Amino acid sequence: MSLSHHTSPRPISSLPRHDWTHEEVRDLFALPFPELIFRSAQVHRENFDPTEVRLIFAAPAFVLFALIIGPFVIRFRRRYLRRKKGLCSACGCDLRVSKDKCPECGAGIPAR
């Protein structure tokens, strides 16, 4: 039995199948890719209204990760660069004249 033609061995139903035989699966894998796309479109049209517009928001995982983790990374980097330049990590005030705390915000100066 071959599925390489446009005739399917069983009518396409709206219920998912769980009784695939090895031969049917092997024949599906032997089909050309455009034929698989055509059949999947047939099943989709049978199960969904073509006049209905569906708005789906799907954000990639890296976008969600960047939105959640991004502010923490920016904050850490800003504080690190300020300390490296000799500035207060909290407010950015010049700490060259101070020894124990920031004259602007009162934050303690970490030991170097």
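Any read-out appearing in this document is the output of simple, stated calculations on the displayed coordinates, not a laboratory observation. Computed from a predicted structure; not experimentally measured. Every residue, glycine among them, receives a Cβ derived from its backbone with ideal geometry; neighbour counts consider all protein chains shown.
Numbers for the structure displayed
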{"read-out": "Criterion: in contact with a Pro (Cβ under 7 Å, 6 or more places away or on another chain) and either closer than 28 Å to residue 16 by Cβ or surrounded by 10 or more Cβ atoms within 10 Å (Cβ to Cβ) (or both) - qualifying residue of 88, 102, 93", "value": "93"}
{"read-out": "Residues of the stretch 25-51 classified as under 28 Å from the mean Cα position of the chain (by Cα) and over 21 Å from residue 15 (Cα atoms), total", "value": "2"}
{"read-out": "Residues satisfying the stated conditions in the stretch 15-41, i.e. in contact with a Ser or Thr (Cβ under 9 Å, 6 or more places away or on another chain) and assigned to a helix (DSSP H, G or I)", "value": "27, 30, 35, 39"}
{"read-out": "From 72, 62, 76, 57, residue being aromatic (Phe, Trp, Tyr), surrounded by 10 or more Cβ atoms within 10 Å (Cβ to Cβ) and within 25 Å of the chain's Cα centre (by Cα)", "value": "76"}
